[in-house]
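Below: the structure, in structure tokens.
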Amino acid sequence: MFDQETIKQILPHRDPFLFCDRILETDGNRIVAEVDYGPDRYFFKGHFPGHPVCPGVILVESMAQCGGAGYRLGHPEDDATKLFLFAKLMEVRFVNQVLPGDTVRYEIETVKATGRRLEQKGRGFLVGKTDKNGRPVVAVEAQWFCLVVPSSAVQAN
């Protein structure tokens, strides 16, 4: 298992926009990670006040961050100075709401990886929740790709 301190060595994101709490397993091509959506997360205050719901874009961003970090951890031979920049969402499906206090387990598969592109797809499951048939409850499904660029291509302000 890799904790958030390890993830911070890989991803440039920081609080309040780091959405990868722990990576449970990775071989680089299959990643399992979790994100805790505690009630103190900033977006719950204004996203449907009175009935706070995690925004779908945050769920997709979380899945992509977990996928990128898991890929990098599973491929330590790759150039660690390169960044993954979200380029395209091919498919997204929001299935169930993520509420304050929920934890989502993301199961991600690398579809294609080249020196310039990382394509992944995944599903997010609500931890501890099952449907009437005992299957894990799906919150989100998506497929996306990121461009792989040198960190020097991103200018700091």
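The values are calculated or read from the model by the stated rules, or taken from the named source; none is laboratory data. All values derive from a computational prediction rather than experimental measurement. Note that each Cβ is placed from the backbone with ideal geometry, even for glycine, and that neighbours are counted across all protein chains shown. Just so you know, the surface numbers come from the protein's heavy atoms only, side chains and all, with ligands and any DNA or RNA stripped out. Shrake-Rupley method; radii C 1.70, N 1.55, O 1.52, S 1.80 Å.
With springs connecting C-alpha atoms under 10 Å apart, model the chain as a Gaussian network and identify which of Val140, Val127, Val95 has the largest mean-square fluctuation.
Greatest mean-square fluctuation among the candidates belongs to Val95.
Quick check: the angle from helix 56-74's long axis to the longest principal axis of the chain, C-alpha only, nearest 10 degrees?
40
For the chain, what is the charge dipole size about the Cα centre, in debye to the nearest 20, if Lys and Arg each add +1 at the Cβ and Asp and Glu each add -1 at the Cβ?
Computed charge dipole of the chain: roughly 420 debye.
Which lysines, if any, have their Cα less than 28 Å from the Cα of Lys121, not counting same-chain residues under 8 positions apart?
Filter leaves Lys8, Lys82, Lys88, Lys112, Lys129, Lys132.
Considering only protein heavy atoms, with the full assembly of protein chains and a 1.4 angstrom probe, order His51, His13 by accessible area, largest first.
His51, His13
Name the residues whose placed amide hydrogens come within less than 5 Å of the amide hydrogen of Gly28, ignoring near sequence neighbours (fewer than 5 apart) on the same chain.
So Gly28 has HN proximity to Gly74.
With n ≥ 4 as the cut-off for DSSP H runs, can you work out [θ] at 222 nm for the chain, using -39500 (n - 2.57) per run divided by the number of residues, rounded to the nearest 500?
Counting only the DSSP helices, I get -4500 deg cm²/dmol.
Using a 1.4 Å probe over the heavy atoms of the protein chains, calculate the carbon and sulfur portion of the accessible area of segment 61-157 as a whole percent.
After summing per-atom areas, the C and S share lands at 48 percent.
I want to verify a result. In a Gaussian network model of the chain, Cα cutoff 10 Å, which of these has the top mean-square fluctuation: Arg72, Arg116, Arg22?
Comparing Arg72, Arg116, Arg22 in a Gaussian network model of the chain, the most mobile one is Arg116.
Name the residues whose placed amide hydrogens come within less than 5 Å of the amide hydrogen of Val111, ignoring near sequence neighbours (fewer than 5 apart) on the same chain.
Placed amide hydrogens put Glu119, Gln120, Lys121 under 5 Å from Val111.
Springs between alpha-carbon pairs under 10 angstrom, Gaussian network model over the chain: which of Asp36, Asp78, Asp15 fluctuates most?
Evaluated over the chain, the most mobile residue of the options is Asp15.
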